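Here is the structure we will look at.
The values are calculated or read from the model by the stated rules, or taken from the named source; none is laboratory data. Computed from a predicted structure; not experimentally measured. Please note: Cβ atoms are built from the backbone with ideal geometry, for glycine as well, and neighbour counts cover all protein chains shown. Only protein heavy atoms, including side chains, enter the accessible area calculation; ligands, DNA and RNA are left aside. Shrake-Rupley method; radii C 1.70, N 1.55, O 1.52, S 1.80 Å.
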Amino acid sequence: IAYHKNKFERGFDKVVNIWGADHHGYIPRMLAAVEALGRKRDDLKIILVKLVNLLRSGRDVPMSTRAGEFVTLREVMNEVGVDPMRFIFLTRHSNSTLDFDLDIAKSQKEENRCYYVQYAYVRIKGFFRHCQQAGIPVPESWEEVDLSPLTLPEEVTLMKRVASYPEMLEEAASALEPHRIAVYLDDLATALHKYYYRGTRENSARVVSSDPKVTAARLCLAEAVGIVIKNGLGILGVSTPEEM
């Protein structure tokens, strides 16, 4: 109670607590205490989170708080790195149980969704490195690019998902549900990879084509996807390497 009193006295309009699900019984007591302090109950938001099952190669890592056997979050961070730890933890709603496999988090495979999203950004940067190395001109102003060549279903999907980013972000912030951002980025990266692999099979879908207008339009789309991925990962505190 003293902690919350201090928070409100320091000028915070809304205080958000994150508790373990086993503390749900304390919610009405704390809301009553906040009300007794002269605040509205809505000024305190309590989010309950479920426990994380820590796995290694699909098997549970044995832990017991009573026996003093447990793995700290810092140990997980030191083993797998900050980026995958943050991203994977944010792929689930707070009231959903998370199975965190240490080996998957360290791998550079599709199963590691953090790597999967980061690699989409790396792939986009690769388009522009290829243009630079091949002497292919890149538009100086994206606003002047004719986007009419973007007619493939995969291109339309990417454009729709990029366009929905601001609305998704606002909804995630309003609901205090950052997992929506991670899920969105995963979907966007999946769409980008699908588009790229079509390009490797069908020349008509290659980002850098023999038609300068098509190339410019597709580079513009790729740039937009890259901006959104970098912005979204930045909000989650995850880096966007340009090479892997």
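Observations on the model:
- Probe 1.4 Å, accessible area per residue of the stretch 57-120, Å²: 63 Å²
- Accessible-area order (highest first, 1.4 angstrom probe) of the listed residues 19, 142: 142, 19
- Dipole of the chain [Lys/Arg +1, Asp/Glu -1 at C-beta], most positive-end residue of 33, 94, 169: 33
- The length gained by stretching the chain between residue 46 and residue 148 to full extension, at 0.36 nm per residue less their Cα-Cα distance, is 31.9 nm.
- Take the Cα of residue 227, go 7 Å toward its beta carbon, and the backbone nitrogen atoms of the stretch 142-166 under 17 Å from that spot belong to 142-148, 158-166.
- Atom-type composition of the exposed protein surface of the stretch 47-139 places 50 percent of the accessible area on carbon and sulfur (1.4 angstrom probe).
- Rolling a 1.4 angstrom probe over the protein heavy atoms with all chains in place gives the stretch 167-239 an accessible area of 46 Å² per residue.
- Chain lengthening between residue 2 and residue 129 when straightened (0.36 nm per residue, less Cα-Cα): 40.1 nm
- Between residue 37 and residue 16, the simple label model (points 7 Å from Cα in the Cβ direction) yields a spacing of 1.7 nm.
- C-alpha center-to-center spacing [the stretch 169-244, the stretch 39-82] in angstrom: 30 Å
- Relative contact order, whole percent, for the chain stands at 19, derived from Cα pairs under 8 Å and 6 or more residues apart.
- Within-14-Å neighbourhood charge of residue 129 [Cβ basis; K, R +1; D, E -1]: -1
- Residue 3 - accessible surface, heavy atoms, 1.4 Å probe, Å² rounded to 10: 130 Å²
- Per-pair calculated FRET efficiency, R0 = 25 Å: residue 107 and residue 198 via Cβ, rounded to 0.05: 0.50
- Across the stretch 77-87, coupling constants 3J(HN,Hα) worked out from phi with the 6.51/-1.76/1.60 Karplus curve, θ = phi - 60°, read 4, 5, 7, 9, x, 5, 4, x, 4, 5, 5 Hz, and Gly and Pro carry x.
- Largest to smallest accessible area among 144, 111 [probe 1.4 Å]: 144, 111
- Using C-alpha pairs below 8 Å separated by at least 6 residues, the relative contact order for the stretch 1-70 is 31 percent.
- Per-residue ³J(HN,Hα) for the stretch 13-27, Karplus 6.51 cos²θ - 1.76 cosθ + 1.60, θ = phi - 60°, Hz, x for Gly and Pro: 7, 9, 10, 10, 10, 10, 10, x, 4, 6, 9, 4, x, 8, 4
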